[in-house]
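Here's the structure we're looking at; comments come further down.
The values are calculated or read from the model by the stated rules, or taken from the named source; none is laboratory data. All figures in this text were calculated on a predicted structure; none of them were measured in a lab. Reconstructed Cβ throughout: ideal geometry from the backbone, glycine too, with neighbour counts over all protein chains shown.
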Amino acid sequence: MKFIKRSLTVFSIVIILCLSLQAQIPASPQQQPVAITGATIYTVSGGVIQDGTIIFEDGKITAIGAGLEIPEAAERYDASGKYVYPGLIHAYTNMGLTEIGAVDVTSDINEFGQINPNVRAEKAFHPESRHIPVARSHGIAVSLSSPSGSTISGFSAAMLMDGWTWEGMTLRAPIGLMINWPMITDNDNNNARNQLKEIKQAFSNARSYKKARSVSENHRTDMKWEAMIPVLQREIPVVVQANNARQIQDAITWAESENVRLVILGGRDALYAVDQLIAKDVPVIITPVLTSPGRPWQGYDEVYSNAAELHEAGIRFAISGEYGSANAMRLRHHAATAAGFGLPADEAMKAITLYPAEIFGLSDRIGSLEVGKDATMIVTDGELLDLRTSVEQMFIRGRKIDMADQQKNLFKRYREKYRQLSEE
C-alpha cells in the first residue's frame, strides 16, 4: 500500500511539472506608452467611441477618445476594424485553485471542518495553471477565485490572469467571505439547522473576539476570528450562496441582524425576494445562466431570462459562468444567452465587466475604460457577445499578454496531423 501511495504521489508531481512546462511566460511591465488606434472602443461606462484611440502608460489609461494626439515615443497598435473592451471579470470561479479534478493534490478549494474564515484564496493560487491561458484567450483578465465546500469557506480574491507569483497576480484580496447557506425545509432537517447555528455562532465568536481585542492589545491572536473583523466592520461583504427563495430571504434577514454587507450568489429565485433585495440594496451574482430550470413546472428559459427580469426589477446584478476553471472560458456565452433572452446587450456587457467590479469594490481599477484606471483590456475581431468573435490581444496593466494556450496548441498540432495524413 505504501508503494502504491508513493507511486501515485510521484505520478501527481510529474503531472504538475508537465503542466507547468506548458505555461506561458508572463509579460514584462510596460516599458513605453502604447496607443491602440482605429478601433471601436466600448468604454462600458461612457458609451462607444468610433475610430477611437486609447493611450496608456505605466499600466494606466492616460487618454481615450477620437482624434487624439499620439505621443512620439508611443508604440502603435493598429486596431482598424477591431473592437476594444475592458478585460472581462469572472465573478465566481476556482481558477488557480484546482487543476485536475481526479488528482486530489492539484486541488485546494476547501479545507477540513465547516468554519474556515481564515482561508485565503490568493495564498493557494497556482500562477502556472493551464486553465489561465485558456481563460485569457476568451477575454477573462481577472478571476474572483473563491474557496468552496465548507459552510464558511473562506475569503475570495481578485486575481490577474498573468504573472509569476500569486503576490504579483493579486489585484485585491480579500474581497468576499464565502458562505454556503443551508437549505432549511419545513421537514425536520437537523443538519441544515445545525449549519445555521454554526454560522450564527461563528459571527458571535468573531464579535466577542473583536471586542476583547479592542479592550486588550495583549489578547491572544486567533486567525480564524481575526480574519472576520473586516466583515464585521462592513469593509468586505459576505457572499452567500443561495438559490432557493427561502434561502435568499433568510440570508437577507440574517445579514441585517448581523449588520454585514451581503451579496447573493446563485440567485435563481431572486425574483421571489425582489422587495427585500431592493429595500436592502443587496446585489445578486447570477451563476450560471446556461443551466436547466430547477423545478419541473418551470419553463425551459426560466434561468436564461433571470438576468433580464432582475434588470427590469431594478436589482443590482452581475453574471458569472460555471465555478469550474476548465469552463471559465464560457463566461461570454452566459452573458450572450442572457442577452438573447431579454437583457439589453449593453447591460449584458456590464454584467461581466463593470457590475462585478462595482459590487466587489474594484471599479476604481477595472471594469470600464476610463482615464486613470488600469490599462486592462481586450482587442477583438468582432462584437463581444457574438460567439464567433475571437479575442486577438489582451493587455493587463498595460502589459501585452502572450495569447497562446494549450487548446490553440492542440488545434495546430492536430490540424497539421490530418494535413500530413491527407497527403499520404
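Test Lys350 against the criterion of being of a type in the set (Lys, Arg) and outside the structural domain of Lys60 (by TED's automatic domain parsing), and give yes or no. For Lys350, the condition - of a type in the set (Lys, Arg) and outside the structural domain of Lys60 (by TED's automatic domain parsing) - is met. The requirement of being under 26 Å from Phe317 (Cβ atoms) and part of a loop (DSSP other than H, G, I, E, B) is not satisfied by Ile89. Restricting attention to region 244-265, and to residues there that are part of a loop (DSSP other than H, G, I, E, B) and modelled with pLDDT of 95 or more, which single residue is farthest from Asn118 (Cα to Cα)? Among them, the one singled out is Asn259.
Checked against (1) at pLDDT 95 or above; (2) more than 17 Å from Pro86 (Cβ to Cβ); (3) in contact with a strand residue (DSSP E or B) (Cβ under 8 Å, 6 or more places away or on another chain), Gly324 passes all but condition (1). Taken over region 34-59, the residue count meeting the criterion of being within 24 Å of Met169 (Cβ to Cβ) and buried (at least 17 other Cβ atoms within 10 Å of the Cβ) is 6. Test Ile401 against the criterion of being among the β-branched types (Val, Ile, Thr) and closer than 20 Å to Gly59 by Cβ, and give yes or no. Yes. Among the residues in region 232-242, are any among the small types (Gly, Ala, Ser) and loosely packed, with under 15 Cβ neighbours inside 10 Å? Among the residues of region 232-242, not one is among the small types (Gly, Ala, Ser) and loosely packed, with under 15 Cβ neighbours inside 10 Å, which makes the answer no. Could you list all residues from region 295-343 that are assigned to a loop (DSSP other than H, G, I, E, B) and charged (D, E, K, R)? Within region 295-343, Arg295, Asp301, Glu302, Arg316, Glu322 meet the criteria.
Mind listing just one residue for me: the one in region 69-114 that is crowded, with 16+ Cβ neighbours inside 10 Å, closer than 18 Å to Tyr42 by Cβ and not hydroxyl-bearing (Ser, Thr, Tyr) and, of those, farthest from the chain's Cα centre (by Cα)? Checked region 69-114; the qualifying residue farthest from the chain's Cα centre (by Cα) is Ala79. Within region 277-301, the set of residues being surrounded by 12 or more Cβ atoms within 10 Å (Cβ to Cβ) and over 17 Å from Ala336 (Cβ atoms) comprises Leu277, Ile278, Lys280, Val282, Pro283, Val284, Ile285, Pro293, Gly294, Gln298. Of the residues in region 189-196, none is in contact (Cβ under 8 Å) with a residue 60 or more places away in the chain, over 21 Å from the mean Cα position of the chain (by Cα) and more than 28 Å from Gly266 (Cα to Cα). What do you reckon, is Gly176 within 30 Å of Thr376 (Cβ to Cβ), outside any loop (DSSP other than H, G, I, E, B) and of a type outside the set (Ser, Thr, Tyr)? Spelling it out, Gly176 is indeed within 30 Å of Thr376 (Cβ to Cβ), outside any loop (DSSP other than H, G, I, E, B) and of a type outside the set (Ser, Thr, Tyr).
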